[in-house]
Structures are given as C-alpha cells and as structure tokens.
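A short worksheet on the structure shown next.
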Amino acid sequence: MTGGTTDTMRAMVLDAPGRPLREARLPVPVPEGHDILLRVTACAVCRTDLHIVDGELAPHRSPLVPGHEIVGLVAGAGPLANRFRPGQRVGVPWLGGSCGACPYCAGGRENLCERAVFTGYDRHGGFAEYTLADERYCFALPDAYDDAHAAPLLCAGLIGYRAYGMTGRAHRLGLYGFGAAAHLIAQLARHQDREVFAFTRAGDADAQAFARSLGAAWAGPSDAAPPVPLDAAILFAPAGELVPRALAATARGGVVVCAGIHMSDIPSFPYALLWGERCVRSVANLTRADGEAFFREVAHGEVATTVVRYPLQEANRALDDLRAGRISGAAVLVPAADGAGG
C-alpha cells in the first residue's frame, strides 16, 4: 500500500513559542518507511500543547504543527507499513517513536527512551487536515466512541491511566486539576468503586459541579483540605505549590503522582509532610502497553468523554479557553467542522 499526493492541506502552524498559531496551506506529506498518512478527523487539545505554544517546554522544531491526540483515517502508507488497511480509523498518541534498543526500551520502559520522539513536538501533529504517524506507535480505537469523543483518550486518557496505575489500590483518590484527564480518570475510579475527591481552581463552581456530576464524593478548591485523608492523589494541574498541599491531604503510606510533562517549581516543605512513608513521583509519557491496556479497559464505553468542538481554524481560541480554564472536559479540533459545539 502506498500513498502521497501533491495536494495541499490546511494546518495551524507554530512559528515560534509565544506566538499565536498561524493558519497555513502546506503540502500533504508523503509517507515513507513505517509511516502512514492519515486524514485527520479529530484532534484533541492538550495542556502539553499549551506548554509548547507558550514556550514552557523548549522547542524541538520550528515551524511546528502541534497536536498529539489524533484520530484519523488511513489515506496512504509507506512501503514498510502494512498494519492498517486503507480507510481504517487509527489513533495517534504523544509517543511517536522510540529507539527500540536502549536499556529502557529493552526493559519495557520505552516511555523513558532518551531518543524518543513525540507527536506534535518532534513530529508534526494533528492540528491539520493530514498528518503522518509511525504505524507501530498507533492504536486501533474502540467502536464505542465517535471520532471527537475518542480523541481525548489518546493523551488525557492514556497519561491519566498511567498515573492512575501508580496509585495502586488506593480507595480514596484525590484529583488536583479537574480537566480533560481528571474527568476521565474520575469515571474509571468510580467504575472500580473508589472514592474520588476533586480539587479545582478557587471559585470554580462549574468545575466542582462537573466533578460531582461524574460521581465525586467531594469537590472543592485546591487549597482546601478534603473531609477525610486521601490514600493517593494525582496532580494534573501543572502547579508545583500543590505538591505540599497534596502531601498534607494524604494519609501515611500514600502516594502523590505528578502527571504533567511540565510543572512550576515545587516550594520547600517540611519533612513531616513526606514522613510516614509517603511518596512523590512523576509520570513520563506512555508505553504502547499502557495504550493497549487502557483501550481494553474502556472498550465498551465505560468512560464517557465530554468534549467541546472547535473548527481547525479556531485552534487559538481553543488554546485560550484551555489556558483560562473555560472548558469542562476536553477541547477537540474538527477539521471538517464549520463551527463549535458540544
């Protein structure tokens, strides 16, 4: 199966960190090797995209087409690509490739590979009508989700799932920052009969009501103490000052998982907050095994994604809404859309 065309496509391009994305027409890329060409049908907007656009993560290439929660249809393939059939729906995650030979890759920890490449960061991503992806790092998607609702599963779901796994058998789970990832993991935790405690920005009554609607036992501001000690907490908000607060809210033996790729500095805190065999750890990227396990877990639609759709050309508005905390659930760019909707 081969593919490629001399046609052009619409794309939203980052020319330099700190600048708004620019709408452009680019050549449709030609797949080589293990790459497949995808016609993008949906691409969710992640906080990591915001970190890249705002320059909080050092640029890896410029100009860049961001976006790493991609759903698309196979429109062509390189000579070594034979995993997916033409027209098949495919999901593309943040991890776009790894070396396959280092000790991390050999030990099943490709997420830590020092030569890993990332979608929408090292490789052009899904804020476009077409994109390329290495088929070996793509996923077949559950039929229970349409394109827009499947897109957030590819990072908010996958990274959230990896972070969730690091909480072990914690029954009382705190989620700091109730956005795209938290709204998915809250449902998974409730499906497994765990208690969820949601922490939001101060005064964000809408986010707190949203969390309670998804089964949270309690929802309040991030500087508040929960009504009972937590067994574990996941920090989806990129705010280092939340680490001591989460430790203070966590019982002895608990774990605080920092789930973002970027976080502001963690302030000094007394050892007493860490004592009692509490643990602070980070999550880095994902493995393909994480993805396969997660999609098995949600294959029948056990986790419902709440999305706000934006047309491709309104990517800057989607980023602004995410930056300001105006989105309940996940923002999703839909290249074929004429307007936004729920």
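All of the numbers you see were taken from the coordinates with simple rules; none came from a lab. Because the structure is a prediction, the values reported are computed rather than measured. All Cβ positions, glycine included, derive from the backbone under ideal geometry; neighbour counts span all protein chains shown.
The angle between the Cα long axis of helix 180-191 and the main principal axis of the chain comes to about 60°, on a 0 to 90 degree scale. Expressed to the nearest 5 percent, the antiparallel share of DSSP beta bridges inside the chain is 55 percent.
Note on region 202-333: with charges restricted to the Cβ of Lys and Arg (+1) and Asp and Glu (-1), its dipole about the Cα centre is near 80 debye. In the chain, helices alone account for a calculated mean residue ellipticity at 222 nm of -6000 deg cm²/dmol, with every DSSP H run of four or more residues adding -39,500 (n - 2.57).
The DSSP beta bridges internal to region 167-282 are antiparallel in roughly 0% of cases.
Given their separation in residues at 0.36 nm each and the Cα-Cα distance between them, GLN88 and PHE269 gain 60.1 nm when the chain is fully extended.
The phi torsions of region 210-222, fed into the Karplus equation with coefficients 6.51, -1.76 and 1.60 and a -60° offset, translate into couplings of 4, 4, 5, 5, 9, x, 4, 6, 7, 9, x, x, 5 Hz, rounded to whole numbers, with Gly and Pro shown as x. Can you compute the FRET efficiency between HIS60 and LEU80 using 1/(1 + (r/R0)^6), with r the Cβ-Cβ distance and R0 = 22 Å? Round to the nearest 0.05. So the FRET efficiency works out to roughly 0.35.
Between amide H atoms placed 1.01 Å from N, distances below 5 Å from LEU141 occur with GLY91, all of them 5 or more places distant or on a separate chain.
Bridges between two residues of region 244-342, per DSSP, are antiparallel at a rate of about 10%.
Between LEU73 and ARG136, the FRET efficiency from the beta-carbon distance, with R0 = 30 Å, is close to 0.95.
Using θ = phi - 60° in the Karplus curve 6.51 cos²θ - 1.76 cosθ + 1.60, the 3J(HN,Hα) couplings for region 83-91 round to 6, 10, 8, x, x, 5, 7, 9, x Hz; x is entered for Gly and Pro. Applying 0.36 nm per residue to the separation of SER213 and ARG201 and subtracting their alpha-carbon distance, the gain on full extension is 2.6 nm. Looking at the chain as a GNM with Cα springs under 10 Å, which of VAL45, VAL117, VAL332 has the largest mean-square fluctuation? Highest fluctuation of the listed residues: VAL117. Orientation-averaged projection of the chain equals 16.5 nm² [convex hull of Cα atoms, one quarter of hull surface area]. Here the Kirkwood formula, the inverse mean of 1/r across different C-alpha pairs, assigns region 210-314 a hydrodynamic radius of 16.3 Å. Against the chain, whose longest principal axis is taken from its Cα atoms, helix 156-165 shows a tilt of about 40°. Taken over region 182-272, the convex hull of the Cα atoms encloses 102 Å³ per residue.
Within the listed set HIS191, HIS183, HIS51, the residue fluctuating most in the Gaussian network model of the chain (springs between alpha-carbon atoms under 10 angstrom) is HIS191. Segment ASP143..LEU112, full-extension length gain: 8.1 nm, with 0.36 nm per residue of separation and the alpha-carbon distance subtracted. For GLU23, nonlocal amide neighbours, meaning residues 5 or more places apart or on other chains whose placed amide H falls under 5 Å from its own, are VAL13. Top mean-square fluctuation among PRO59, PRO27, PRO270, Gaussian network model of the chain, C-alpha springs under 10 Å? With Cα springs under 10 Å in the chain, the top fluctuation among PRO59, PRO27, PRO270 is at PRO270.
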